[in-house]
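What follows is a short report on a single structure.
The values are calculated or read from the model by the stated rules, or taken from the named source; none is laboratory data. Because the structure is a prediction, the values reported are computed rather than measured. As a convention, Cβ positions derive from the backbone with ideal geometry for all residues, glycine included, and neighbour counts pool all protein chains shown.
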Amino acid sequence: MTRANETGTAAAVSLGAKKRDYWWTVLAVDPVAVRLVRFLAAKRKITPDGVTWLALLVALPIGVAYSLGRAGLVVGAVLFYVAFLLDCVDGKLARAMAISSPKGKVLDDLADGARRASGSVGLAVYLWRWPAFEGSFWLGIAYGILAFYFAQVSGSIRDDPNAEPRGRWAAAMGRRRLYPTPGTPDAAALVFFFGPLTGFVAPALIAGVAMFGVALLLVVLKMIRR
């Protein structure tokens, strides 16, 4: 790792970033989130829970935007990015300010669930309303169910983000704060950001369903081996 990378990693971690995180988070969201955390931590005008409430408010209309058509897909993609950004900010801000509570965890889970549910239903409605996508309606529903189930069963076997990565590839990615393989945020970015933004909604959903199908299979295999 270069000195610049070491300095950047240390600065990010000091502002509440995890030592390792998923690719979408590290590469597309953290560059903005870390700056916001630095500003908010210095001003102390809003609490982490306040940021989570903002994330929830931004998440709720995502599905409505998606369901309105092509322009709505772009608006929904932007709302998804902002909602996810705020979700990243609240956790980092809580760590940077040494503030945590059971209430904050419940609120964070609520905001996460609202973002995924709103997006999944909105994309399903979009596919249902447009004849060109007839038969694709269930892709949105299937993605939402698989994403929810994966979130429930994967928590007990998830790697500690602060643990030292094992293996050459994992170590190389770890030096860049990256997990060795994509995860839930990466699949969500594909489905809720890149798909709507480019108009390739159905292909993105197919890829998302496939990613979670494989991930669930790997989780089951890992649990059996344990």
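Observations on the structure shown:
- Qualifying positions in the range 179-206 - more than 16 Å from the chain's Cα centre (by Cα) and over 17 Å from LEU27 (Cβ atoms): THR198, GLY199, PHE200, VAL201, ALA202, PRO203, ILE206
- Residues that are surrounded by 15 or more Cβ atoms within 10 Å (Cβ to Cβ) and of a type in the set (S, T, N, Q), drawn from the range 99-126: SER118, SER120
- The residue pairs whose first member lies in the range 127-142 and is on the phi < 0 side of the Ramachandran plot, whose second member is among the aromatic types (Phe, Trp, Tyr) and modelled with pLDDT under 80, and whose beta carbons are closer than 6 Å, counting only pairs six or more residues apart or on different chains, are LEU127/PHE133; LEU127/PHE137; TRP128/PHE137.
- Hits in the range 20-37 - residues which are among the charged types (D, E, K, R) and buried (at least 17 other Cβ atoms within 10 Å of the Cβ): ARG20, ASP21, ASP30
- Within the range 189-219, the set of residues being among the aliphatic types (A, V, I, L, M) and without any contact (Cβ under 8 Å) to a residue 12 or more places away in the chain comprises ALA210, VAL214, LEU217, LEU218.
- One residue alone among VAL82, VAL75, VAL58 is at pLDDT 90 or above and crowded, with 21+ Cβ neighbours inside 10 Å, and that residue is VAL58.
- Test result for ALA94, among the small types (Gly, Ala, Ser), over 18 Å from VAL191 (Cβ atoms) and either buried (at least 19 other Cβ atoms within 10 Å of the Cβ) or in contact with a Cys (Cβ under 6 Å, 6 or more places away or on another chain) (or both): yes
- Selection count, the range 31-72, where residues are charged (D, E, K, R) and closer than 22 Å to GLY113 by Cβ: 1
- Looking across ASP87, ASP49, one residue alone is surrounded by 20 or more Cβ atoms within 10 Å (Cβ to Cβ), modelled with pLDDT under 95, out of contact with any Cys (no Cβ under 7 Å at 6 or more places or on another chain) and among the acidic types (Asp, Glu). It is ASP87.
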